[in-house]
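One structure coming up, written as structure tokens, with questions to follow.
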Amino acid sequence: MANDSDENKPTSTAAMTEDDLLLQDQQLKQIEDEQKASPLVGDKLPFYALAGLYDPVSAITFFTKANELAAIYSDIRFIRGDGNCFYRAVLVGIVEILMKDRERLIKFIDTGREWMAKLVKLGFPDWTCSDFCEFFIEFLEKIRDGKYTEAEVFQNLNDDGTANYLLMYFRLITSGFLKDNCEEYAPFIAEGMTLQQYCETEIEAMWKEADHLSIMALVRATGIRLRIQYMDRSEAPNGGYQHDLPDEADNVTPDITLLYRPGHYDLIYRNLVAQ
């Protein structure tokens, strides 16, 4: 009698035919094309545009929540959903602040140089630090020196090559912050993985979504006050509809506010009249 044990059964990969693999590649390509059809960073739109994404019958919870938030927030800037949306939304939010606040811009440039030196001390390859950090610093210096108009800034933020280089700076300092505070944050890493491995696979790798630990680390590394507004309160770490970071920033006006929908972040703007 033939042995029908698990070890003799074909694996799921082995069982796939050439047609199955071709279909899988086509599906992945379709997903990629759909993502690229939307800009990395959208224009500011009236917040009611969000409600238009949801059917008032089949998606009544999100439709209702979107309309409730429209009384508080005036605009939304959609960010491409490619695994980088959290980091990209923070990048855009910070750049918008720095374009209006020269003193903070100069301080952020100095902080960038400090991070470049710290990352080398933490063991990051020197070429990596200089490549991404200097690119980010030079981008901010051009804003400082008036070499970019606001339109040109957003052209850069929507150029895959330029924007992803800028975004990589934020991934590196997020990783650097955790490594620099290893004793404090290592206990939060899943069993079977070191903090070093977590940083390399979950933060430094592009297209990987941010989790609560990486979000907290980036907030600390940049010194910003961040508010995350949740469409679904079950997704919020504090069980509410909004969460302020750092934790001691509760009820303090945030620098940047993000909207979290399942698996995705967009940038939103508070209605000044509602404040």
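Results for (1) touching a Lys or Arg at 6+ places or on another chain (Cβ under 8 Å); (2) free of Cβ contacts under 8 Å to residues at least 12 places away in the same chain, shown as yes or no for each residue.
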| position | (1), (2) |
| --- | --- |
| 201 | yes, yes |
| 207 | no, no |
| 226 | no, no |
| 230 | no, no |
| 233 | no, yes |
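Right, next: Please pick out the residue among 96, 134, 152 that is among the acidic types (Asp, Glu), in a helix (DSSP H, G or I) and within 17 Å of the chain's Cα centre (by Cα).
96
Right, here's the next one. Anything in region 121-134 that is open to solvent by 50 Å² or more (accessible area, probe 1.4 Å) and under 18 Å from residue 222 (Cα atoms)? List them, or say none.
122, 134
Could you please give the count of residues in region 197-221 that are polar (S, T, N, Q) and either under 12 Å from the mean Cα position of the chain (by Cα) or under 15 Å from residue 91 (Cα atoms) (or both)?
The number of residues fulfilling the criteria is 1.
Where in region 194-275 are there strands (runs of 3 or more DSSP E), lying wholly inside it, with at least 3 residues that are modelled with pLDDT of 95 or more?
Qualifying strands (runs of 3 or more DSSP E): 226-230, 256-261, 264-270.
Determine, yes or no, whether residue 81 is in a helix (DSSP H, G or I) and either at negative phi or among the aliphatic types (A, V, I, L, M) (or both).
The answer is no for residue 81.
Of the residues 55, 6, 33, which is charged (D, E, K, R), open to solvent by less than 80 Å² (accessible area, probe 1.4 Å) and at pLDDT below 60?
Checking each option against the conditions leaves just 33.
The values are calculated or read from the model by the stated rules, or taken from the named source; none is laboratory data. In this text the structure is predicted, and so the values were computed from the model without any measurement. Virtual Cβ from ideal backbone geometry, glycine too; neighbours counted across all protein chains shown. Just so you know, the surface numbers come from the protein's heavy atoms only, side chains and all, with ligands and any DNA or RNA stripped out. Shrake-Rupley method; radii C 1.70, N 1.55, O 1.52, S 1.80 Å.
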